[in-house]
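As structure tokens, the structure follows; a few thoughts come after it.
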Amino acid sequence: MRHESLIMACASDMAGQVRGKAFRARDFDKRSAQGIGWCPAQAAMTAFDVIVDNPFGSCGDVMLMPDPATRVAVDFSAGDPGQHFVLCDLTYVDGRPWECCLRSFLKNAIAILESETELTLKVGLEHEFHLSVREAPPARGYHLRSFGAAAGYAEELVASLDLAGVQIDLIHPEYGTNQYEISTMPAAPLAAADHAVVLRELTHAVAARRGERVSFSPVVPGMAVGNGVHAHFSLWQGNRPVTYDPDRPAGLSQTAGRFVAGILRHLPALVAFSAPSPISAWCRIAGALPTTTWRCTTARPVCASARSVRTPRSQRISTSSIGRRMPPAARIFCSVR
């Protein structure tokens, strides 16, 4: 039997889920130009596949418009269909950005930042996850043996991400039981958000092919600590970094300080979107798990909402209060806008 190669056209939605429709790979150019029909009510679907009350109902149409720059083609082995998908913008039928398109949110926020301040951003993300490693040794934070237990998985994952155009910075065991962390190299905001979506999907895909399972849940029973995500921002004016000033508090320049102040000012509203459920917020705090509990900026404690991080190579702002379950494009949008 002949097999037809398919590509999934998809978007990361409000619930942080990646949904879409598949088409024949040979139709890629046509579909990139024409798009794929999509139902507006899908924007109201929760992570539990329930469509909540919404203004759309069964009326209207929007389009999934593939962005060819985001096309992922990762083949694993003979007979395996691999991971073939492309991320999309959501538009009206006439091509206007749809108000619920998260990629368009972020594009607009970056355009406003550049026009009003002449600033641009570079963004890197650290992702923590739980891996159900078979025959795992006793958990030991950051230990060589803990890494060895997942070394095969890690090598396959990094190779898959490389094929997908996602460059990683580090991958290592974390403090929790069977917990690992993978971080991406700094990139432009939209690319960073797209890379985060691709990374999470390939993290699951590689594990599934090895008979293992991954969870990015903020709380995993028996793991001792929770999973989180840190976003690292650096501010640039042209080719010049403008985040660092050794003579100012926490080493942040006046420009960077104002950027962080905006995040802190709107933090309660942002957390309502980013950590809206008991498991994403209260379970971590009530369980005395390491998490962000202070609304402040500092150079040291990891429980601060924003930290100033200085290394020999860079100065950056690290945020962790804008939570794990938030779609990557929306997460970066909230920090920028």
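Assorted remarks:
- Close pairs from segment 1-27: first under 23 Å from VAL229 (Cβ atoms), partner of a type in the set (Val, Ile, Thr), Cβ under 7 Å, at least 6 apart: CYS10/VAL18; SER12/VAL18; SER12/VAL197; ALA15/THR46; VAL18/VAL197
- Matching residues, segment 89-100, being modelled with pLDDT of 95 or more and buried (at least 16 other Cβ atoms within 10 Å of the Cβ): ASP89, LEU90, THR91, PRO97, TRP98
- Only a single criterion out of (1) surrounded by 19 or more Cβ atoms within 10 Å (Cβ to Cβ); (2) closer than 20 Å to PRO328 by Cα; (3) not β-branched (Val, Ile, Thr) is not satisfied by ASN178, namely (2).
- Verdict on ALA47 being without any contact (Cβ under 8 Å) to a residue 24 or more places away in the chain and among the aliphatic types (A, V, I, L, M): no
So that you can scan it fast, the table gives a plain yes or no per residue for (1) more than 21 Å from the chain's Cα centre (by Cα); (2) of a type in the set (Gly, Ala, Ser); (3) at pLDDT 95 or above:
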site: VAL52; (1), (2), (3): yes, no, no
site: GLY57; (1), (2), (3): yes, yes, no
site: MET65; (1), (2), (3): no, no, yes
site: PRO68; (1), (2), (3): no, no, yes
site: VAL72; (1), (2), (3): no, no, yes
site: PHE85; (1), (2), (3): no, no, yes
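- Checked against the criteria, VAL86 counts as within 23 Å of HIS3 (Cα to Cα) and buried (at least 18 other Cβ atoms within 10 Å of the Cβ).
- Inside segment 6-41, residues that are polar (S, T, N, Q) and modelled with pLDDT under 95 make up a count of 2.
- Looking across segment 226-241, the residues that are crowded, with 21+ Cβ neighbours inside 10 Å and part of a loop (DSSP other than H, G, I, E, B) come down to GLY226, ASN227, GLY228.
- For segment 127-179, filtering for residues that are at pLDDT 95 or above, out of contact with any His (no Cβ under 6 Å at 6 or more places or on another chain) and assigned to a loop (DSSP other than H, G, I, E, B) leaves 3.
- Segment 234-262: number of residues that are at pLDDT below 90 and in contact with a Pro (Cβ under 7 Å, 6 or more places away or on another chain): 0
- Subset of segment 98-126 [touching an Asp or Glu at 6+ places or on another chain (Cβ under 7 Å) and in a strand (DSSP E or B)]: THR120, GLY124, GLU126
- Residue match in segment 30-41 (condition: among the aromatic types (Phe, Trp, Tyr), under 26 Å from PHE333 (Cα atoms) and outside the structural domain of VAL206 (by TED's automatic domain parsing)): yes
The values are calculated or read from the model by the stated rules, or taken from the named source; none is laboratory data. All of these numbers come straight from a predicted model, not from anything done at the bench. Cβ: placed from backbone, ideal geometry, glycine included. Neighbour counts: every protein chain shown.
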